[in-house]
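Trainee: Pasting a structure below so you can have a look.
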Amino acid sequence: MAISILNNIASLTAQNQLSVTQANLNKTLFQLSSGSRINSGADDAAGLAIADGLHANVTALTQSAQNANSGVGSLQVADGSLAQVTQLLNRAVTLATESSNGTVSNSQRVALQAEYAQITAEIDRIGSKTNYNGTAVFTNTSTSIFLSDGGSNSTIGVTTNALSSASLGLVAGTVTQTVPAVSAVGHIDFSGTGPAAADAIVVGATTYTFQAAAASTGGSSTTGVVQETGSATVAATNLANAINFTGGTVGTDYGSGGAANATFTAVASGTDVTITAITAGTGGNAATLTTTNTNGNVALTATAGGAAAVTTHPNLTNVLLTAADAQATLGLINSAIASVASLRGTIGANINRLQAASNVISNQTQNLTAAEDGIRAADIPSVVANLSRFTILNQSGISALAQANSAQQSILTLLR
């Protein structure tokens with residue numbers, strides 16, 4: 001190989017290698033100082049995109065957990081306020097019970113009424129003035145708790161309802177009270193071996209005929225076919241399924257060409273079938289059951305007990321000034337206590353739901369953070385090993401470059 005003084009190839013090689021080593025050393029020092037494996041897009045473009053996406057998810061979930069906790073806080077304020085309302089109502093029960101006693105004079109009832117009036121006023125104040133973060137707690141408007149992971153969004157609506165003595169029914173005047181209509185109920189009882197083949201039972205407008213094996217094409221909208229097997233229990237089950245046209249095996253236990261009874265539903269229990277009118281009240285729901293009973297194993301009880309809805313308009317005073325008024329007011333107070341208890345139950349269920357959502361979000365945050373950390377975070381033991389390696393290479397590179405630069409000076413000895 002010729003000896004040249006125009007270019008120092010060894011020096012160039014040493015410079016290039018030293019430049020690479022110093023770049024790696026700088027990158028290692030950056031990773032060690034930041035704790036992150038990815039400090040720029042050039043370090044790992046795909047990894048950076050994934051890690052940033054995961055970080056966005058974690059950020060959204062963290063705020064969503066705070067949203068849920070804020071919702072829990074608002075509901076807990078409402079629950080605490082309702083607990084105080086319950087205490088006030090319990091005191092009202094004491095006052096109304098005392099005022100109802102015949103040994104209390106009307107002049108004494110005035111004092112009881114004065115305290116009761118303060119109780120209702122305080123309930124009104126609690127309902128109108130209780131707030132959370134400047135927002136009224138008791139309102140009929142649903143509050144939406146927004147939850148998101150940065151990709152999909154959802155809301156949980158919570159409602160506390162308006163609160164006042166009037167909303168709890170503690171009002172004077174004429175009110176409307178309604179007792180719902182009641183459906184008529186009848187019974188079909190089987191005994192012994194149950195109905196015989198060709199026996200029939202008319203339920204409403206539909207006749208159900210027993211036979212040894214229900215034809216797959218048997219039955220229609222007005223006539224049903226039911227299998228009898230010599231068992232009262234099986235007969236009861238098959239008849240109930242035929243009346244409802246559901247359950248069992250259609251085409252075997254009862255005819256497949258039928259339909260659900262238009263007037264009654266049925267429930268089998270042992271050898272008894274209880275039929276209940278679909279229409280509540282008295283109009284069109286009562287029926288006299290008829291049967292063709294050849295072996296005496298069928299007993300029928302006509303449907304009865306149906307009642308129409310009843311609406312009354314009692315005049316309520318909501319005062320404790322007489323024994324009679326106090327007794328009527330006591331009923332209102334007890335109803336108010338039940339209403340508050342029901343509302344607290346609803347609020348408690350909403351609190352549990354929000355807490356469950358928060359727990360799920362916390363679990364998501366934990367796992368997404370771990371996934372991001374696995375991509376973004378530097379492996380410190382590996383980085384420290386690289387630091388030692390590149391530090392030594394840097395020092396040896398500098399030494400090699402110095403040697404390469406001084407090597408060509410030996411050519412001068414040829415000129416002596």
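Trainee: Over the heavy atoms of Thr413, what accessible area does a 1.4 Å probe trace out, to the nearest 10 Å²?
Mentor: Surface open to solvent at Thr413 totals about 70 Å².
Trainee: Dividing the alpha-carbon Rg of the chain by 2.2 N^0.38 Å yields what?
Mentor: 1.96
Trainee: Which whole-number percent is the relative contact order of the range 130-185 (Cα, under 8 Å, 6+ apart)?
Mentor: With pairs under 8 Å counted, the relative contact order is 26 percent.
Trainee: Follow-up question, since we're still on this one. If a paramagnetic tag sat 7 Å from the Cα of Val384 along the Cα-Cβ line, which residues of the range 28-71 would have the backbone N under 13 Å from that point?
Mentor: Only 32 pass the distance filter.
Trainee: Next question, about the same structure. If you fit an axis through the alpha-carbon atoms of helix 45-99 and take the longest principal axis of the Cα set of the chain, what angle between them do you get, 0 to 90°, nearest 10?
Mentor: Compared with the principal axis, the helix lies near 30 degrees.
Trainee: Okay, next question. Have a look at the DSSP beta bridges in the chain and tell me what percent are antiparallel, nearest 5.
Mentor: Within the chain, antiparallel bridges account for around 85 percent of the total.
Trainee: Using protein chains only and a probe of 1.4 angstrom, how many square angstrom of Leu163 are accessible, to the nearest 10?
Mentor: Estimated to the nearest 10 Å², Leu163 gives 10 Å².
Trainee: Assuming R0 = 56 Å, what is the FRET efficiency of Thr301 and Ala349, from their Cβ-Cβ distance, to the nearest 0.05?
Mentor: 0.85
Trainee: Follow-up question, since we're still on this one. Modelled label-to-label distance, His187 and Asn69, 7 Å Cα→beta-carbon offset: nm?
Mentor: Calculated label separation equals 6.0 nm.
Trainee: How far is helix 232-244 tilted off the main Cα axis of the chain, in degrees rounded to 10, range 0 to 90?
Mentor: 70
Trainee: Ordering Ile398, Ile411 from largest to smallest accessible area (1.4 angstrom probe), what's the sequence?
Mentor: The most accessible residue leads, giving Ile398, Ile411.
Trainee: So for the chain, averaging the separation of alpha carbon pairs under 8 Å that are six or more residues apart and normalising by length, what relative contact order in percent results?
Mentor: Relative contact order of the chain: 26 percent.
Trainee: With every protein chain present, what is the per residue accessible area of the chain (1.4 Å probe, Å²)?
Mentor: Numbers: 21410 Å² over 416 residues.
Using a 1.4 Å probe on heavy atoms only, each residue of the chain averages 51 Å².
Trainee: Just Asp124, Asp325, Asp189 to compare: in a GNM of the chain, with alpha carbon springs under 10 Å, which one fluctuates most?
Mentor: Asp189
Trainee: Working out 0.36 nm times the residue gap between Asp373 and Asn334, then minus their Cα-Cα distance, what length gain in nm do you get to one decimal?
Mentor: 8.3 nm is the gain from fully extending Asp373 to Asn334.
Trainee: Could I ask something else about it? Which parts of the range 119-135 would a label at Arg91 reach, counting a residue when its backbone N lies under 11 Å from a point 7 Å out along Cα-to-Cβ?
Mentor: 119-123, by backbone N distance to the label point.
Trainee: Within a Cβ distance under 14 Å of Val85, other residues only, what is the Lys/Arg minus Asp/Glu net charge?
Mentor: +1
Trainee: Right, something else. Rounded to the nearest 10 Å², what accessible area does Glu115 show when all protein chains are kept and the probe is 1.4 Å?
Mentor: Spelled out: Glu115, probe radius 1.4 Å, area about 70 Å².
Trainee: Helix 106-129 versus the longest principal axis of the chain: what angle, 0 to 90°, nearest 10, using Cα atoms?
Mentor: Around 40 degrees separate the two axes.
Trainee: Where does the charge balance sit around Leu95 when Lys and Arg score +1, Asp and Glu -1, over other residues with C-beta under 15 Å from its C-beta?
Mentor: -2
Trainee: Mean residue ellipticity at 222 nm from the helices of the chain, using -39,500 (n - 2.57) per DSSP H segment of n ≥ 4 over the full residue count, to the nearest 500 deg cm²/dmol?
Mentor: It lands at -17500 deg cm²/dmol.
Trainee: I would also like to ask the following. Give the distance, in whole Å, between the Cα centre of the range 1-42 and the Cα centre of the range 93-140.
Mentor: 84
The values are calculated or read from the model by the stated rules, or taken from the named source; none is laboratory data. Note that this is a predicted model, so its numbers are computed, not measured. Counting neighbours? That spans all protein chains shown, and the Cβs are built from the backbone with ideal geometry, glycine included. What goes into the accessible areas is simple: the full protein's heavy atoms, side chains included, and nothing from ligands, DNA or RNA. Shrake-Rupley method; radii C 1.70, N 1.55, O 1.52, S 1.80 Å.
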